[in-house]
Structures are given as C-alpha cells and as structure tokens.
Amino acid sequence: MGAYSIQVFEYGYVCSESAHTAPSGVVAISNNAYSYLRHLSLKDSEESKSLRLKSIGSIEAIQFCKYVGVLMAPDGTQIEVLPKVVKDSTSSHIIDGSRWALLNMLKSLGDFRYLQTDDASLLQQKMPLLEVFVGQFLSAVNRLVKKGIKRDYLSNNDNLLFLKGKLHASEQLKQNLVQQQRFAVSYDEYLPDTLMNQLIKKAIHQVMKITRSMKHHKLARELEFVFSEVTPLNLRALDKLDIKIDRGMEHYIAPVAWSKIILKGMSPLSMQGSASAFSLLFPLESVFESYVEQVLRRTLPKHLAVKGQSRQHHLVNYEARKMFNLKPDITISASGQIFLVLDTKWKLINANKANGTDKFLLSQQDFYQMYAYGQKYLNGVGDLVLIFPVNEKFTNPLPSPFEFSSHLRLWVVPFDIHHQTEDSQRLKVTPELANVLNTEIMTVVGVG
C-alpha cells in the first residue's frame, strides 16, 4: 500500500492489511502505519491515551478513543479521526458533515480561531483535515507576503576585505595582525531574518514534507522563495519562543498562530519527534465543552455572565479542609448570582429509549454529579442542564425535567454542532425551560 488517507470515527478500529479479512467496521491500513500506531499504543505516554490495543474476533486491532483530529504515520498514511454525530457513519456526506462539525468546534480553541470554515471552496473540495490546516496556513502566509514581510536592522560582526560600518580595534589586532588586508567590523543590515519570519519559514518546510496536495506543495515552494534570506528556526527553541507582535504588524497574527500549530500543535497529543509523523489530536469532550461555552457567550444577553469550569465549591469538608472540587462545565449568573448550571457530555443518547434499563442511554453517574452541583451551586433550588450533541435519535429536548426534588430539576437538551446551523439556534430548549430562564434569554436560544 502506498501513502493514502482514511477516515475513522471515534471509537472506530483499524487493523493491519496483513490480517487479510478485516471484520465489518474495521479499516485495514498499511503494515508500517499499523506498526507505528501499535508502538504508540504500548508507550507509557500521553499518546497511548488515544489508542487502545484490542482483539476483535481472530485479529488484533487498534481503537481510537476519546480523541479526534488527524494523525500521519511515517509512511505517509493519513488517518482522520472524526466525531461520530450519527449512529450510521459510513456515507460520504456524513463523513463531510462530521469533518466540518469538528472544524467548526475547533474554532473555539485558542489559535484555531483563525479557521475559515465558511470558505465555500473548501466545502466543495472535501479536503482531509490535514490539508485544511495546511491550506489555511499557506493562505495566511500568502496574504502576509502580499502586504510585505517584516524587515529589521540586524547587527553583524564580520572580518571583511573592505571597511564597512564600525572598525573594532581590539578584534583587528587579534584577527588581522598578519592579514592586514582584512577589517574586523560590526555593521547593521536591513534584513527579513526576524524571529517571526524564521518561525514561518520553518513551518513552510514542515508543510512541504507532510502535504500530499500538488497545489499546496507548489504554493509552499513559491512562498519558500520569498523567505530565501531567512534562517529556519531551530525547533529546539520553539518551547521557549516568545513572539510579540507590535502594533501595525497585525497581519502577522494569523500566520504566526498557524505556524505554531503546524510545528508544535495546540493539543497535549501533538506527537513530536518525526517530521513525517505529524499528528494533531484533540480530546473531544473538551472541544465540545469549549464550543458550547463560546456559543453561549456570543448569544446570551450581555448582562449574563457565562463562566467555564467554575471552582467555587467542594463536595465535602474534612477537619476544616475542603476536598473534591466541584467543577461544572458552565455556569450562568446575573448580578453575581449563579442561577443556572450546565454540563456538557459528548455522547449520542436516544430520546426513544425511555423504558427498562435504557433510560435514554443516560448515565447514572452523570445524574449524581449534577445533583452535587445543584446542592452546592444552587443550594438545592433551581434548574440544571445536561447538554448532549444532536443526533438523529435526539433532535429535540426531552419534554419534561428530571426531578431531584420539588425544587431542583434537571433538563436534558441537545446542542447542534452542524456547520450550517446559526449560533442562535444551536441550543434546543423546551418552552417551559425557556420561560424558566426568562423571556430575554428565550429570544436568543432556539426553542424546541
């Protein structure tokens, strides 16, 4: 097998092509790519959290757990791990929808805010995730080049055959006592060899190694020529890099942000050490939580304070010591008073499975957690909300709340992550819950 791109959904499986007969739902990949993933799964490291070695029937397979994104094996195999937004995740339009749902959510994470997911041409081309990242990095650099790359005066010390700048008498005596035709001098040159340009050039070199798009490779070569006078950054200095973008240089913000993503990654599972084994994986629970919080900040009335990961309360006290911090994903307060506690869960629940042991596929542990939040953050009086992603079996909120008591209720509502949905319509609530929140909020959230 040559280098190629495959798509796997979260909790999906891959096996080695040498397995001959891959079970249904298991994707066969090259032996080299499988060996690379197997090695990562057995390491005692952060990377192993995303990969799980399993036995399926008579073959060994690797399962992708909790993390989504893109992973590139040293042989060039690109593996996209996509969020599963429907139960049957096989058709091409579902793959495209899942890819763009992920890209849309990623915009809520730090430097990924420069993702342009409304680019119609990208939607039509159905690019793999890696090529989306590469394409947007190259577009950002191309816009920068059109505005002009930054130059600065840089000091140089040299031993030249002609006098230039300032002569250093002491160095002249040390170096040129015999070679009197030379001059030990220091001088300034107006060059583009700045730290920002060095970072961008190094990212261009990385892109040329990992992209499989002829269009992207051609543009990268053209941009590399523009930076020909720039020294590529030493990657060992990347962790200590402190780049400050001055006023008037705002056109550098996006290219620098993308350069850091390309070179280092913005997640705990960006695997380092091999230029040809680029990976960028994200914990899906955290991505979903961050996205919901950002959408609420944009859509709720300005006088309401939306806060993520509040740490105001603990579960118990022991000898005057607070223990077991309670950290709801999102709290909403007015005039400093919390009146709503929300938690996000990335799980596909089923509104049609209410009877027997199914209980909508909800977790009892989640209910215990929400009950603790209600007691500590709302003093046992008020409303709590559990938010799950929309799927074909859960498109509207459960019509009635779960009652912990006559004063404390829990609502279960869906949140639409699909690309085409307007922000104001993403959170689906019942009319009763909208009335609980108040009429002002009711106008800015979708009513199911």
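Quick notes on this structure:
- Filtering the range 65-97 to residues that are more than 14 Å from the chain's Cα centre (by Cα), within 26 Å of S139 (Cβ to Cβ) and at pLDDT 85 or above leaves T77, Q78, I79.
- Scanning the range 314-335 for residues that are within 31 Å of the chain's Cα centre (by Cα) and under 20 Å from L296 (Cα atoms) yields K327, P328, D329, I330, T331, I332, S333, A334.
- The number of residues in the range 315-368 being in contact (Cβ under 8 Å) with a residue 24 or more places away in the chain, outside any strand (DSSP E or B) and open to solvent by less than 60 Å² (accessible area, probe 1.4 Å) comes to 11.
- Flag for K376 being touching a residue at least 60 places away in the same chain (Cβ under 8 Å), open to solvent by 30 Å² or more (accessible area, probe 1.4 Å) and basic (K, R): yes
- Once the range 384-412 is narrowed to residues that are open to solvent by 20 Å² or more (accessible area, probe 1.4 Å) and touching a helix residue (DSSP H, G or I) at 6+ places or on another chain (Cβ under 8 Å), the residue that is farthest from L315 (Cα to Cα) is P401.
- Being open to solvent by less than 40 Å² (accessible area, probe 1.4 Å), assigned to a helix (DSSP H, G or I) and farther than 30 Å from A203 by Cα is a property that V306 lacks.
- The lone exception for G380 - which of (1) at pLDDT 90 or above; (2) on the phi < 0 side of the Ramachandran plot it fails: (2)
The values are calculated or read from the model by the stated rules, or taken from the named source; none is laboratory data. Owing to the predicted nature of the structure, the values given are computational and were not obtained by experimental measurement. A quick note on method: Cβ atoms are made from the backbone with ideal geometry, for glycine too, and the neighbour counts reach across all protein chains shown. Surface areas here come from the heavy atoms of the whole protein model, side chains and all, with no ligands, DNA or RNA. Shrake-Rupley method; radii C 1.70, N 1.55, O 1.52, S 1.80 Å.
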